[in-house]
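Asker: Mind looking over this structure? Questions follow.
The values are calculated or read from the model by the stated rules, or taken from the named source; none is laboratory data. In this text, all values refer to a predicted model and were calculated from it rather than measured experimentally. Methodologically, a virtual Cβ is constructed for each residue, glycine included, from the backbone with ideal geometry; neighbour enumeration extends over all protein chains shown. Keep in mind that these areas ignore ligands, DNA and RNA; they rest on the heavy atoms of the full protein, side chains included. Shrake-Rupley method; radii C 1.70, N 1.55, O 1.52, S 1.80 Å.
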Amino acid sequence: MENLIFLLGPHALLCPSLPLAAALNSRTDATPIPRRSGRRGTRLSMSAVTAKTTLPSKESSDGEDAFDWLDQWYPFAPLCDLDLRAPHGKMVLGLNVVAWHDRGAGEWRVFDDVCPHRLAPLSEGRIDHKGRLQCAYHGWCYDGAGTCKFIPQAPALGPPVHKNSKACVASYPCVVQNKMWFYPRTEAEYKDVLQRKRPPYIPEIDDPSYFTAFGMRDLHYGYDILIENIIDPAHLPHAHKGLVPKSCMVDNNDPGRYERSINSFTVEYDQEGGEPIKMKIQEESVTGFLCALPGGSTRFTAPCTYQGTPDNKVATAGKTKPWLMLVALCIPVAPGRSRIIYAFPFNSGPWVYKIMPRWFIHLNDNSVLDSEHYLLHLEERKYAEKGLDNWRDACYVPTSSDRMVVAFRNWFRNALPTLLCFIFLGFNRYWSHVIQCTSCSAALKAMKALEVALQVASVAVVGFLAVAKGTLVMSTVQRTLVVSAAVLCFAASRWLADFIEKSFYFQDYVHAEH
């Protein structure tokens with residue numbers, strides 16, 4: 001673990017204060033991610049270049065404890081998207097890890113995603129008949145502690161080579177709390193870290209009076225860009241025009257003009273509905289910050305948890321609770337890559353949301369994320385050109401609406417860890433979300449089956465008419481109706497194919513058209 005180094009965004013590659021430029025001269029002019037990504041493209045690939053720097057000291061310059069990135073809990077995934085019957089691999093904090101359900105103990109485990117035999121990924125393996133994690137390459141089997149229990153190639157009566165410590169897999173502490181978390185240290189002294197430190201807990205997620213539908217998406221911009229975007233409500237009416245409600249009132253005499261009356265003065269707002277947002281940072285420390293803003297407050301708990309709570313509350317079971325919350329878990333994956341797990345727990349509002357299938361909710365969520373994805377990818381590259389140390393000088397942030405972003409940038413600069421450089425290109429909705437979401441995967445499978453059924457039906461009807469042309473007695477009207485049904489089935493299959501493409505693979509969002 002002493003060699004664990006990672007980078008939260010490619011902009012740090014060009015930061016003058018970080019000794020990485022020499023190792024990356026051939027990559028700093030890399031072409032940005034293409035705007036469009038085809039449905040039938042190959043799976044994503046990654047090349048990596050690493051460079052070491054000095055780990056930050058335990059004490060900051062002002063005497064305050066420095067932020068320790070390895071002494072934190074990191075989210076893995078919502079349990080609703082994890083299959084008990086199979087291992088699941090993900091990258092978190094630059095670590096390739098695999099989560100699997102230990103049937104014998106009834107608990108989830110998190111291991112290094114590598115078999116010590118020939119370094120094959122255990123996430124491509126299976127759970128065997130005894131409930132052990134089995135490598136798919138040569139069949140080595142591991143128990144919940146990471147101990148190798150069986151090597152098929154070793155003679156049954158020969159030396160017990162499976163008991164050698166080299167045959168073991170590193171195991172990480174993990175816990176199910178709201179969702180699944182793991183702690184990125186495998187040393188023995190951290191085995192009971194849960195007794196000392198727990199992940200952030202949000203009681204509303206486990207409260208049965210709340211409805212919570214989780215979403216998860218892999219994003220192709222860095223962790224810091226993700227959080228900076230999440231904590232910035234001012235971008236919503238512009239970056240997501242047509243996808244989120246407008247906040248200002250419409251002047252009935254001029255629908256293109258948005259205005260409010262303030263102290264008897266008419267103040268004009270922009271057409272999209274943007275407006276000033278008064279923010280006040282109330283708490284700020286190495287562990288995050290709390291910000292008050294109109295209608296509620298938001299809290300960032302480093303390094304991953306963002307929580308927005310409104311002031312308006314409702315009485316539920318004799319207690320006053322917030323009626324709606326925003327919960328976002330922002331996960332550092334690798335340089336230029338991040339992951340968001342999000343939810344909007346609510347206990348009051350339209351009942352229809354409670355009966356919507358989760359995949360249908362994700363359609364709009366993914367449209368919102370897509371509408372800003374390319375903007376943020378390019379923004380990150382501009383940050384790279386300016387250098388992380390020069391963020392405040394390069395960006396003009398004069399309004400109160402920017403205070404949370406400034407607070408995060410101050411925290412991030414002080415907490416910046418050692419670095420690892422990755423270049424990772426290509427993205428689409430299928431690989432970044434659908435393949436990880438059980439609801440959307442099931443909906444996609446069903447819609448593909450329906451698409452095929454409609455095509456088969458249309459061809460079968462036309463074929464039947466052609467074969468039975470001389471023997472089947474039908475009026476002209478009947479024949480027209482049958483042919484029309486065939487045409488409608490084919491047209492419906494084409495419409496469904498287009499819907500599948502845009503909803504589960506890729507749909508471009510052109511800001512100039514909204």
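Asker: Return yes when S171 is among the hydroxyl-bearing types (S, T, Y) and without any contact (Cβ under 8 Å) to a residue 12 or more places away in the chain and no when it is not. Full working, then the answer.
Answerer: On the way: among the hydroxyl-bearing types (S, T, Y): yes; without any contact (Cβ under 8 Å) to a residue 12 or more places away in the chain: no.
For S171, the condition - among the hydroxyl-bearing types (S, T, Y) and without any contact (Cβ under 8 Å) to a residue 12 or more places away in the chain - is not met.
Asker: Those residues that are farther than 18 Å from L376 by Cα, open to solvent by 30 Å² or more (accessible area, probe 1.4 Å), of a type outside the set (A, V, I, L, M, F, W, C) and in contact (Cβ under 8 Å) with a residue 24 or more places away in the chain, I need them from segment 206-246; list them, please.
Answerer: Within segment 206-246, D206, D207, S209, T212, G242, K246 meet the criteria.
Asker: Right, here's the next one. Based on this model, can you work out whether E275 counts as at pLDDT 75 or above, among the acidic types (D, E), under 29 Å from the mean Cα position of the chain (by Cα) and part of a loop (DSSP other than H, G, I, E, B)?
Answerer: Details: at pLDDT 75 or above: yes; among the acidic types (D, E): yes; under 29 Å from the mean Cα position of the chain (by Cα): yes; part of a loop (DSSP other than H, G, I, E, B): yes.
In short, yes.
Asker: Same structure again: Is at least one residue of segment 110-126 of a type outside the set (S, T, N, Q) and under 20 Å from the mean Cα position of the chain (by Cα)? Walk me through how you get there before you give the answer.
Answerer: So in segment 110-126, the residues of a type outside the set (S, T, N, Q) come out as 110-122, 124-126.
Still in the running and under 20 Å from the mean Cα position of the chain (by Cα): 110, 113.
The answer is yes; a qualifying residue exists.
Asker: Right, something else. Among (1) at pLDDT 85 or above; (2) assigned by the TED database to the domain that holds E380; (3) of a type outside the set (D, E, K, R), which single condition is F422 missing?
Answerer: Single failed check for F422: (1).
Asker: Taking segment 335-370 as the region of interest, how many residues are in a helix (DSSP H, G or I) and farther than 19 Å from Y505 by Cβ? Can you show your working first?
Answerer: Of segment 335-370, the ones in a helix (DSSP H, G or I) are 352-355, 358-370.
Imposing the further condition that a residue be farther than 19 Å from Y505 by Cβ reduces the set to 352-355.
Selection size over segment 335-370: 4.
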